[in-house]
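The values are calculated or read from the model by the stated rules, or taken from the named source; none is laboratory data. Just so we're clear, the structure is a prediction, and the values are computed from it rather than from any experiment. Positions of Cβ are generated from backbone atoms using ideal geometry, with glycine treated the same way; all protein chains shown enter the neighbour counts. Surface areas here come from the heavy atoms of the whole protein model, side chains and all, with no ligands, DNA or RNA. Shrake-Rupley method; radii C 1.70, N 1.55, O 1.52, S 1.80 Å.
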Amino acid sequence: MTTNGDTPTRGAGESTAPVVREPIPSWAGFFIEVQRRLIWDFPGRRAIPVAWSLNVHKYVTIFVIYAMMVHYQRFDAAAWVYLALHGIYGYCWLLKDFGFRDERFNTPVSIGGAAMLYVVIGVPYWAIAWVFCARPTATTGFDLFFAVALHTLGVVMMVASDCQRHFTLKYRKGLMTDGMFAWTRNPNYLGEIMLYSAYAFLAAHWLAWAIVGYAVVCVYLPNMYQKDASISRYPGWSAYKAKSGLLVPWAWFTGRALRDVFARARATRP
(Lines give C-alpha, C1' and ligand atoms only; values in the text may rest on other atoms or scores of the structure.)
Protein backbone atom coordinates (compact mmCIF):
# COMPACT_ATOMS: atom_id res chain seq x y z
CA MET A 1 0.00 0.00 0.00
CA THR A 2 1.51 3.32 -1.04
CA THR A 3 0.59 6.95 -1.16
CA ASN A 4 1.50 8.53 -4.46
CA GLY A 5 1.20 12.29 -4.78
CA ASP A 6 -1.69 13.90 -2.96
CA THR A 7 -4.14 11.09 -3.66
CA PRO A 8 -3.99 7.89 -1.61
CA THR A 9 -3.94 4.66 -3.58
CA ARG A 10 -5.10 1.24 -2.45
CA GLY A 11 -3.30 -2.02 -2.86
CA ALA A 12 -4.84 -5.19 -4.21
CA GLY A 13 -7.61 -6.58 -2.04
CA GLU A 14 -8.13 -3.33 -0.14
CA SER A 15 -11.56 -1.87 0.29
CA THR A 16 -12.76 0.56 -2.37
CA ALA A 17 -15.46 2.00 -0.11
CA PRO A 18 -15.63 5.80 0.00
CA VAL A 19 -13.23 7.35 2.50
CA VAL A 20 -15.00 8.77 5.53
CA ARG A 21 -13.11 11.81 6.75
CA GLU A 22 -12.66 12.77 10.37
CA PRO A 23 -15.43 15.18 11.38
CA ILE A 24 -14.59 18.69 12.56
CA PRO A 25 -16.28 19.63 15.87
CA SER A 26 -18.91 22.30 15.34
CA TRP A 27 -17.20 24.77 17.69
CA ALA A 28 -13.92 24.36 15.80
CA GLY A 29 -15.75 24.81 12.52
CA PHE A 30 -17.12 28.10 13.81
CA PHE A 31 -13.64 29.49 14.52
CA ILE A 32 -12.34 28.19 11.17
CA GLU A 33 -15.10 30.15 9.47
CA VAL A 34 -14.26 33.25 11.51
CA GLN A 35 -10.61 32.97 10.43
CA ARG A 36 -11.67 32.56 6.82
CA ARG A 37 -13.92 35.61 6.82
CA LEU A 38 -11.60 37.90 8.79
CA ILE A 39 -8.29 36.98 7.16
CA TRP A 40 -8.28 34.70 4.13
CA ASP A 41 -11.46 36.00 2.43
CA PHE A 42 -11.55 39.57 3.72
CA PRO A 43 -12.97 41.83 0.98
CA GLY A 44 -10.54 43.63 -1.28
CA ARG A 45 -7.88 42.91 -3.88
CA ARG A 46 -5.64 40.10 -2.75
CA ALA A 47 -2.15 41.52 -3.12
CA ILE A 48 -0.26 40.73 0.11
CA PRO A 49 1.04 37.20 0.78
CA VAL A 50 0.28 36.13 4.35
CA ALA A 51 4.01 35.48 4.82
CA TRP A 52 4.80 39.17 4.32
CA SER A 53 2.42 40.22 7.07
CA LEU A 54 3.70 37.54 9.44
CA ASN A 55 7.34 38.33 8.72
CA VAL A 56 6.94 42.06 9.33
CA HIS A 57 5.37 41.20 12.69
CA LYS A 58 8.26 38.89 13.58
CA TYR A 59 10.84 41.46 12.46
CA VAL A 60 9.48 44.40 14.49
CA THR A 61 8.54 42.50 17.66
CA ILE A 62 11.97 42.97 19.27
CA PHE A 63 11.72 46.74 18.73
CA VAL A 64 8.15 46.88 20.04
CA ILE A 65 9.15 45.06 23.22
CA TYR A 66 12.23 47.22 23.71
CA ALA A 67 10.05 50.33 23.35
CA MET A 68 7.83 48.94 26.11
CA MET A 69 10.90 48.41 28.30
CA VAL A 70 11.93 52.03 27.74
CA HIS A 71 8.42 53.34 28.40
CA TYR A 72 8.09 51.44 31.69
CA GLN A 73 11.80 51.69 32.56
CA ARG A 74 11.99 47.93 32.95
CA PHE A 75 15.65 46.94 32.56
CA ASP A 76 16.13 44.20 35.13
CA ALA A 77 17.62 40.81 34.23
CA ALA A 78 14.17 39.30 33.68
CA ALA A 79 13.31 42.01 31.13
CA TRP A 80 16.47 41.37 29.12
CA VAL A 81 15.79 37.62 29.18
CA TYR A 82 12.21 38.23 28.05
CA LEU A 83 13.45 40.45 25.21
CA ALA A 84 15.92 37.78 24.13
CA LEU A 85 13.26 35.06 24.14
CA HIS A 86 10.30 36.85 22.56
CA GLY A 87 12.32 39.19 20.36
CA ILE A 88 14.81 36.70 18.94
CA TYR A 89 12.09 34.10 18.40
CA GLY A 90 10.92 36.35 15.57
CA TYR A 91 14.26 35.92 13.83
CA CYS A 92 14.16 32.16 14.39
CA TRP A 93 10.82 32.28 12.56
CA LEU A 94 12.34 34.34 9.73
CA LEU A 95 15.20 31.86 9.29
CA LYS A 96 12.66 29.04 9.14
CA ASP A 97 10.49 30.95 6.67
CA PHE A 98 13.40 31.74 4.37
CA GLY A 99 14.57 28.12 4.46
CA PHE A 100 11.30 26.20 4.20
CA ARG A 101 8.19 28.35 4.11
CA ASP A 102 4.78 26.85 4.74
CA GLU A 103 3.10 27.00 1.33
CA ARG A 104 -0.15 28.23 2.88
CA PHE A 105 1.59 31.49 3.75
CA ASN A 106 2.17 32.25 0.08
CA THR A 107 -1.59 32.74 -0.25
CA PRO A 108 -2.34 36.42 -0.94
CA VAL A 109 -4.88 38.32 1.14
CA SER A 110 -6.28 41.82 0.99
CA ILE A 111 -4.89 44.76 2.95
CA GLY A 112 -7.82 44.37 5.31
CA GLY A 113 -7.07 40.67 5.73
CA ALA A 114 -3.42 41.41 6.51
CA ALA A 115 -4.51 44.02 9.07
CA MET A 116 -6.95 41.58 10.66
CA LEU A 117 -4.11 39.08 11.01
CA TYR A 118 -2.52 41.55 13.42
CA VAL A 119 -5.79 42.13 15.26
CA VAL A 120 -6.54 38.42 15.62
CA ILE A 121 -3.03 37.12 16.35
CA GLY A 122 -0.24 39.71 16.34
CA VAL A 123 -1.47 42.31 18.80
CA PRO A 124 -2.58 39.75 21.44
CA TYR A 125 0.94 38.30 21.43
CA TRP A 126 2.39 41.78 21.94
CA ALA A 127 -0.08 42.22 24.80
CA ILE A 128 1.76 39.48 26.72
CA ALA A 129 4.92 41.60 26.52
CA TRP A 130 2.94 44.66 27.65
CA VAL A 131 1.64 42.76 30.69
CA PHE A 132 5.20 41.72 31.51
CA CYS A 133 6.73 45.20 31.15
CA ALA A 134 3.92 47.16 32.80
CA ARG A 135 4.13 45.48 36.18
CA PRO A 136 7.36 44.50 37.95
CA THR A 137 7.49 40.88 39.05
CA ALA A 138 9.68 39.06 41.55
CA THR A 139 11.40 36.73 39.08
CA THR A 140 13.74 34.15 40.57
CA GLY A 141 16.69 32.45 38.95
CA PHE A 142 14.65 29.26 38.70
CA ASP A 143 11.87 31.18 36.93
CA LEU A 144 14.36 32.31 34.29
CA PHE A 145 15.78 28.79 33.96
CA PHE A 146 12.31 27.29 33.51
CA ALA A 147 11.22 29.91 30.95
CA VAL A 148 14.40 29.54 28.88
CA ALA A 149 14.18 25.73 29.00
CA LEU A 150 10.50 25.66 28.01
CA HIS A 151 11.07 28.21 25.25
CA THR A 152 14.12 26.43 23.83
CA LEU A 153 12.34 23.09 23.68
CA GLY A 154 9.32 24.75 22.08
CA VAL A 155 11.31 26.51 19.36
CA VAL A 156 13.27 23.37 18.49
CA MET A 157 10.10 21.28 18.36
CA MET A 158 8.32 23.81 16.14
CA VAL A 159 11.22 24.31 13.72
CA ALA A 160 12.16 20.62 13.51
CA SER A 161 8.60 19.47 12.84
CA ASP A 162 7.99 22.18 10.22
CA CYS A 163 11.26 21.17 8.55
CA GLN A 164 10.26 17.51 8.48
CA ARG A 165 6.81 18.32 7.13
CA HIS A 166 8.13 20.62 4.41
CA PHE A 167 10.75 18.29 2.96
CA THR A 168 8.69 15.11 3.40
CA LEU A 169 5.70 16.56 1.54
CA LYS A 170 8.00 18.07 -1.08
CA TYR A 171 9.03 14.60 -2.22
CA ARG A 172 6.24 12.32 -0.95
CA LYS A 173 2.64 13.28 -0.35
CA GLY A 174 0.75 11.33 2.29
CA LEU A 175 0.51 10.53 5.97
CA MET A 176 3.53 11.30 8.15
CA THR A 177 3.72 8.82 11.01
CA ASP A 178 7.37 8.93 12.02
CA GLY A 179 9.96 11.35 13.35
CA MET A 180 8.47 14.37 15.11
CA PHE A 181 4.99 13.22 14.10
CA ALA A 182 5.25 9.70 15.53
CA TRP A 183 3.37 10.37 18.77
CA THR A 184 1.70 13.73 18.26
CA ARG A 185 -0.05 14.82 15.10
CA ASN A 186 0.78 18.48 15.73
CA PRO A 187 4.30 18.87 17.16
CA ASN A 188 4.60 22.29 15.52
CA TYR A 189 1.58 23.65 17.39
CA LEU A 190 2.78 22.00 20.60
CA GLY A 191 6.09 23.82 20.19
CA GLU A 192 4.36 27.16 19.64
CA ILE A 193 2.17 26.68 22.69
CA MET A 194 5.26 25.88 24.77
CA LEU A 195 7.18 28.97 23.68
CA TYR A 196 4.27 31.36 24.16
CA SER A 197 3.62 29.74 27.55
CA ALA A 198 7.18 30.71 28.48
CA TYR A 199 6.26 34.36 27.89
CA ALA A 200 3.07 34.02 29.92
CA PHE A 201 5.02 32.32 32.71
CA LEU A 202 7.41 35.28 32.95
CA ALA A 203 4.51 37.76 32.78
CA ALA A 204 2.96 35.95 35.77
CA HIS A 205 -0.52 37.37 35.19
CA TRP A 206 -3.86 35.81 34.34
CA LEU A 207 -4.28 38.01 31.25
CA ALA A 208 -1.11 36.61 29.70
CA TRP A 209 -2.36 33.07 30.22
CA ALA A 210 -5.78 34.05 28.89
CA ILE A 211 -4.12 35.21 25.65
CA VAL A 212 -2.34 31.87 25.28
CA GLY A 213 -5.64 30.11 25.99
CA TYR A 214 -7.38 32.28 23.39
CA ALA A 215 -4.79 31.33 20.75
CA VAL A 216 -5.11 27.63 21.60
CA VAL A 217 -8.92 27.52 21.54
CA CYS A 218 -9.63 29.98 18.72
CA VAL A 219 -6.69 29.35 16.36
CA TYR A 220 -4.55 26.30 17.07
CA LEU A 221 -7.13 23.64 17.98
CA PRO A 222 -9.49 24.50 15.10
CA ASN A 223 -6.57 24.26 12.68
CA MET A 224 -5.57 20.92 14.18
CA TYR A 225 -9.08 19.49 13.72
CA GLN A 226 -9.17 20.84 10.17
CA LYS A 227 -5.86 19.12 9.48
CA ASP A 228 -7.19 15.84 10.94
CA ALA A 229 -10.16 16.03 8.59
CA SER A 230 -7.78 16.48 5.66
CA ILE A 231 -5.25 13.74 6.43
CA SER A 232 -7.90 11.22 7.52
CA ARG A 233 -8.43 10.41 3.82
CA TYR A 234 -5.13 8.55 3.69
CA PRO A 235 -4.74 4.82 4.26
CA GLY A 236 -3.41 4.04 7.73
CA TRP A 237 -5.23 6.95 9.36
CA SER A 238 -7.12 4.86 11.94
CA ALA A 239 -3.95 3.17 13.22
CA TYR A 240 -2.05 6.46 13.29
CA LYS A 241 -4.83 8.23 15.18
CA ALA A 242 -4.96 5.40 17.73
CA LYS A 243 -1.25 5.68 18.57
CA SER A 244 -0.82 9.47 18.41
CA GLY A 245 -2.29 12.38 20.31
CA LEU A 246 -3.95 15.35 18.67
CA LEU A 247 -1.54 17.63 20.54
CA VAL A 248 -0.04 15.94 23.61
CA PRO A 249 2.27 12.97 22.88
CA TRP A 250 0.80 10.81 25.63
CA ALA A 251 3.10 7.92 24.69
CA TRP A 252 6.03 9.95 26.04
CA PHE A 253 4.49 9.82 29.50
CA THR A 254 3.15 6.27 29.47
CA GLY A 255 6.48 4.73 28.41
CA ARG A 256 5.10 3.49 25.11
CA ALA A 257 7.39 5.73 23.06
CA LEU A 258 10.47 4.54 24.95
CA ARG A 259 9.49 0.90 24.49
CA ASP A 260 9.07 1.53 20.77
CA VAL A 261 12.56 3.05 20.55
CA PHE A 262 14.11 0.01 22.24
CA ALA A 263 12.07 -2.38 20.08
CA ARG A 264 13.27 -0.71 16.87
CA ALA A 265 16.84 -0.72 18.14
CA ARG A 266 16.67 -4.48 18.78
CA ALA A 267 15.09 -5.07 15.39
CA THR A 268 17.93 -3.32 13.58
CA ARG A 269 20.70 -4.90 15.64
CA PRO A 270 22.95 -7.14 13.47
Expected max-MSF residue from R46, R185, R104 in the GNM of the chain (alpha carbon, under 10 Å) is R104
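Expected output is a single nm value to one decimal: the length gained when fully extending between R269 and A138, i.e. 0.36 nm times separation in residues minus the C-alpha distance. What is it?
On the way: separation 131, 0.36 × 131 = 47.16 nm, distance 5.22 nm.
The span from R269 to A138 would gain 41.9 nm if fully extended.
Would you please classify the overall shape of segment 144-228 from the alpha carbon gyration tensor, given that a ≥ b ≥ c denote the square roots of the eigenvalues, rounded means a/c under 1.5, and beyond that prolate means a/b larger than b/c while oblate covers the rest? Mind showing how you got there, number by number?
Numbers: a/c = 3.38, a/b = 1.70, b/c = 1.99.
Verdict is oblate for segment 144-228.
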For T137 the rounded accessible area (nearest 10 Å², probe 1.4 Å, non-protein molecules ignored) is 30 Å²
Share of accessible surface on carbon and sulfur in the chain, whole %, 1.4 Å probe and ligands ignored, is 68 percent
In order over segment 239-248: 3J(HN,Hα) from phi, Karplus 6.51/-1.76/1.60, θ = phi - 60°, whole Hz, x for each Gly or Pro, gives 5, 5, 4, 5, 9, 10, x, 4, 10, 7
Which residues qualify? For V109, with a placed amide H closer than 5 Å and at least 5 residues away or on another chain, they are A47, I48, V50
Under 5 Å from the placed amide H of T184, counting only residues 5+ away or on other chains, we find G245
Rounded to the nearest 10 Å², the 1.4 Å probe accessible area of E22 is 40 Å²
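By its C-alpha gyration tensor, with a ≥ b ≥ c as the square roots of the eigenvalues, how is segment 63-114 shaped: rounded for a/c under 1.5, else prolate for a/b larger than b/c, else oblate?
Taking the square roots of the gyration eigenvalues as a ≥ b ≥ c, segment 63-114 is oblate.
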Projected onto their principal axes, the Cα atoms of segment 172-270 stretch, largest extent first, over whole-Å spans of 54, 30, 22
Order by accessible surface, 1.4 Å probe, largest leading, for residues I48, I111 comes to I111, I48
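Find the accessible area per residue for segment 174-270; the probe is 1.4 Å, ligands and nucleic acids are left out, and the unit is Å².
Values: 4500 Å² over 97 residues.
With the other protein chains kept in place, segment 174-270 gives 46 Å² per residue.
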Per GNM of the chain with C-alpha springs under 10 angstrom, the most fluctuating residue out of V148, V70, V20 is V20
Measure of exposure for C163: accessible area at 1.4 Å probe, Å² rounded to 10, is 50 Å²
Result for segment 49-135: accessible area per residue, probe 1.4 angstrom, in square angstrom, of 44 Å²
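Please report, ordered by residue number, every helix of the chain (full DSSP H runs) that is 30 Å or longer along its axis going by C-alpha atoms and whose mean Kyte-Doolittle hydropathy reaches -1.0.
Details: long enough: 50-72 (32 Å, 1.04); 141-171 (45 Å, 0.82).
Answer set is 50-72, 141-171.
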Taking a crude spin-label model, label points 7 Å out from Cα along the C-beta direction, the F253 to K173 distance in nm is 3.7 nm
Between (1) 20.6, 70; (2) 24.2, 77; (3) 24.4, 95, the structure-derived Rg and Dmax of the Cα atoms in Å is (1)
Inter-part gap, Cα centre of segment 115-143 to Cα centre of segment 33-78, in whole angstrom, is 13 Å
